[in-house]
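S.K.: Dropping a structure here in structure tokens format, bear with me for questions.
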């Protein structure tokens, strides 16, 4: 485990409780996470997952009420806010996202915040179906990326949404193509929780053939890799053969190390 450059912060985040009250250390950790420093977030999130610290919920809610509009948007995008329970996070996210005068950057950051939230609670994604569809249809490149990833958390996608995903697999932007396959890969991993119609579509020869074509012929190695892992996620479990006519990716060759 890598130590932080600030030894006092490192001690606060990693030390066991007992040297001060639990509520006081939780407040300190929450305040540190609000700084958004790249070095603080990983150990702070680990401390919360492991139960050594908790988010100070009252601090975040009081701060939300006290903040003016622009600062509220920044707060909702912060790492500790993602740790709030759905009943606390979701109505405040909707209140902030529903503002009409959001800048492009603010809407991008809020889309990122929702994606981080749904990574921890994918079962809540269906409540944001309309928002995710709007992101996928957006003319803003960054918003499309976020929407295509969050599609993988949904339990069902309407027919027009499925067509948009397939178009994204052939988009001129290789980042869009990558993200379309990333969303499909997440969908494939969660196929037991999908609706019957979406499960059948996700595993269909049509979708699989497009992915196999991108795996073999896409000029970008990143797209090939994303398509490969989607196909890999669709591979049947031991003892089950794939349906006839459905291509299966060959095993990727390991690169040989050159001997000096």
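S.K.: With the structure loaded, tell me whether residue 177 is more than 17 Å from the chain's Cα centre (by Cα) and part of a helix (DSSP H, G or I) or whether it fails that test.
M.R.: So residue 177 fails the test.
S.K.: Let me ask another. Look through region 96-112, keep the residues that are out of contact with any helix residue (DSSP H, G or I) (no Cβ under 8 Å at 6 or more places or on another chain) and outside any loop (DSSP other than H, G, I, E, B), and return whichever of them is nearest to residue 136 (Cα to Cα).
M.R.: 104
S.K.: Follow-up question, since we're still on this one. In region 27-51, which residues are surrounded by fewer than 17 Cβ atoms within 10 Å (Cβ to Cβ) and not in a helix (DSSP H, G or I)?
M.R.: Those that are surrounded by fewer than 17 Cβ atoms within 10 Å (Cβ to Cβ) and not in a helix (DSSP H, G or I): 35, 36, 37, 38, 39, 50, 51.
S.K.: Would you point out the residue of region 79-95, among those that are in a loop (DSSP other than H, G, I, E, B) and modelled with pLDDT of 95 or more, that is farthest from residue 29 (Cα to Cα)?
M.R.: 85
S.K.: Residue 87: under 30 Å from residue 169 (Cβ atoms) and either touching a helix residue (DSSP H, G or I) at 6+ places or on another chain (Cβ under 7 Å) or free of Cβ contacts under 8 Å to residues at least 12 places away in the same chain (or both), yes or no?
M.R.: So residue 87 does not fit the description; no.
The rows are residues; the columns are (1) within 23 Å of residue 78 (Cα to Cα); (2) out of contact with any helix residue (DSSP H, G or I) (no Cβ under 9 Å at 6 or more places or on another chain); (3) surrounded by 13 or more Cβ atoms within 10 Å (Cβ to Cβ); (4) without any contact (Cβ under 8 Å) to a residue 40 or more places away in the chain.
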position: 133; (1), (2), (3), (4): no, no, yes, yes
position: 141; (1), (2), (3), (4): yes, no, no, yes
position: 144; (1), (2), (3), (4): yes, no, yes, yes
position: 147; (1), (2), (3), (4): yes, no, yes, yes
position: 156; (1), (2), (3), (4): no, no, yes, no
position: 161; (1), (2), (3), (4): no, no, yes, yes
position: 166; (1), (2), (3), (4): no, no, yes, no
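S.K.: Separate question: Specify the residue that is farthest from residue 116 (Cα to Cα); the eligible residues are those in region 149-167 that are part of a helix (DSSP H, G or I) and under 18 Å from the mean Cα position of the chain (by Cα).
M.R.: Applying the filter and picking the extreme gives 165.
The values are calculated or read from the model by the stated rules, or taken from the named source; none is laboratory data. The structure presented is a predicted model; accordingly, all values stated were derived computationally and were not measured. No Cβ is skipped: glycine too gets one built from the backbone with ideal geometry, and neighbour counts run over all protein chains shown.
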